[in-house]
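Accompanying notes for the structure given below.
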Amino acid sequence: MENVKTQILLVEDDPNLGTLLREYLEAKGFDTKLAEDGKKGFDAFCKQEFDLLLLDVMMPVKDGLTLAKEIRVTDKQVPIIFLTAKSMKEDAIEGFNAGADDYITKPFSMEELLARVNAVLRRSNKQRVHNVADINFSVGKYTFNSETQVLLHNGTEQKLTTKESQLMRLLCVHKNDVLDRNFALKTIWHDDNYFNGRSMDVYIAKLRKYLKDDPKVEIVNIHGKGFKLLVNS
């Protein structure tokens, strides 16, 4: 199985520039979807999971700032880079207030765009890893300490292996939310190849067995995306 490519959503109303940017990004190894306005961009975002968004600010139907604000209601983490012909300081501030991670002013070189895309992706990935620094978690009737790698239930300790513990911690951090399969693979195994994917499935099965004594706790598969640790109240 081939490594899954980084998914980019490009929302740009200039058809020539949009096509040029999409072809350049795809040539650089990114799987890039192009939407021609903010509404189509939002529709695409709702249908698919993306690793990064490139949004033109000035667009018909729905502008990039409005689109970013709507996306941030449901997704606080996906990186956003604004593309704009404006260079006013106020516009840059408004962009960051709307949830931007970076801001690039037209005209720009393809090399500059690529450098910013790679920088934001690196920064985003590190930030998500840093957010995983919590140690103690409550999961229904269980408590989990990621430092001692112990899952505790009714006074009974289940010692986890290192990879079981790493995976459990990621699931806890994303509790009741989707843990992206490729993010987990790259974080723990550092490679999302087929064999590591099968290995992770084995660890998921083990964690399900460890958590079976609380019917309100379950790890569910989210088709095409990853896993979700559901804790029902």
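Throughout, read-outs are computed from the coordinates displayed, never taken from laboratory work. The structure presented is a predicted model; accordingly, all values stated were derived computationally and were not measured. Heads up, the Cβs are rebuilt from the backbone with ideal geometry, glycines too, and the neighbour counts pull from every protein chain shown.
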For this session: Note down the nm distance, to one decimal, between modelled labels 7 Å out along Cα→Cβ at Leu230 and at Thr148.
Result: 3.1
Exercise. Antiparallel as a % of all DSSP beta bridges within the chain, to the nearest 5?
Worked result: 55
Exercise. Is the shape of region 7-130 best called rounded, prolate or oblate, per the rule: a/c under 1.5 gives rounded, else a/b larger than b/c gives prolate, else oblate, with a ≥ b ≥ c the square roots of the Cα gyration tensor eigenvalues?
Worked result: rounded
Exercise. Where does each of Arg198, Arg123, Arg169, Arg22 land when they are ranked from fewest to most other beta-carbon atoms within 10 angstrom?
Worked result: Arg198, Arg123, Arg22, Arg169
Exercise. Local charge sum around Asp214 (other residues, Cβ-Cβ under 13 Å, Lys/Arg +1, Asp/Glu -1)?
Worked result: +3
Problem set entry | Nearest-0.05 FRET efficiency for Arg123 and Ile93, computed from C-beta distance (R0 25 Å) | 0.80
Problem set entry | Simple label model, 7 Å out from Cα along Cβ direction - Asp177 to Asp43, nm | 2.8
Exercise. What aspartates and glutamates could a cross-link reach from Lys216, if we take a straight Cα to Cα line under 18 Å and drop same-chain neighbours fewer than 8 places away?
Worked result: Asp177
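Can you tell me the length gained on complete extension of the stretch Thr105 to Ser138, counting 0.36 nm per residue apart and subtracting the Cα distance?
Between Thr105 and Ser138, full extension yields 7.4 nm more.
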Problem set entry | Pairwise label distance in nanometres, His190 with Val73, each label 7 Å out on the Cα-Cβ vector | 4.2
Problem set entry | Structure-based [θ]222 nm, the chain - -39500 (n - 2.57) summed over DSSP H runs of at least 4, per residue, nearest 500 | -13500 deg cm²/dmol
Exercise. Looking only at region 153-176, which residues have a backbone nitrogen under 17 Å from a spot 7 Å from the Cα of Lys216 in the C-beta direction?
Worked result: 153-155, 175-176
Seminar exercise, completed: Taking Cα atoms, the helix 162-173 axis meets the longest principal axis of the chain at an angle in degrees (rounded to 10) of 60
Exercise. Across region 213-227, in residue order, what do the Karplus-derived ³J(HN,Hα) couplings come to in whole Hz, using 6.51 cos²θ - 1.76 cosθ + 1.60 with θ = phi - 60° and x for Gly and Pro?
Worked result: 7, 10, x, 8, 10, 8, 9, 10, 7, 10, 4, x, 10, x, 9
Problem set entry | Sites Lys159 and Glu26 - FRET efficiency at Förster radius 35 Å, r taken between beta-carbons, to 0.05 | 0.15
Exercise. For the Cα atoms of the chain, what angle does the longest principal axis make with the long axis of helix 15-27, in degrees from 0 to 90, nearest 10?
Worked result: 40
Problem set entry | the chain - charge dipole about Cα centre, Lys and Arg +1 at Cβ, Asp and Glu -1, debye rounded to 20 | 960
Problem set entry | Degrees, to the nearest 10: 194-210 long Cα axis against longest axis of the chain | 50
For this session: Please report, largest first and rounded to whole Å, the three semi-axes of the ellipsoid equivalent to region 131-199, where each semi-axis is the square root of five times an eigenvalue of the C-alpha gyration tensor.
Result: 23, 13, 10
For this session: Considering the options Cys172, Asn136, His223, tell which one lies farthest towards the positive end of the dipole of region 134-231, charges being +1 on Lys and Arg and -1 on Asp and Glu at the Cβ, about the Cα centre.
Result: His223
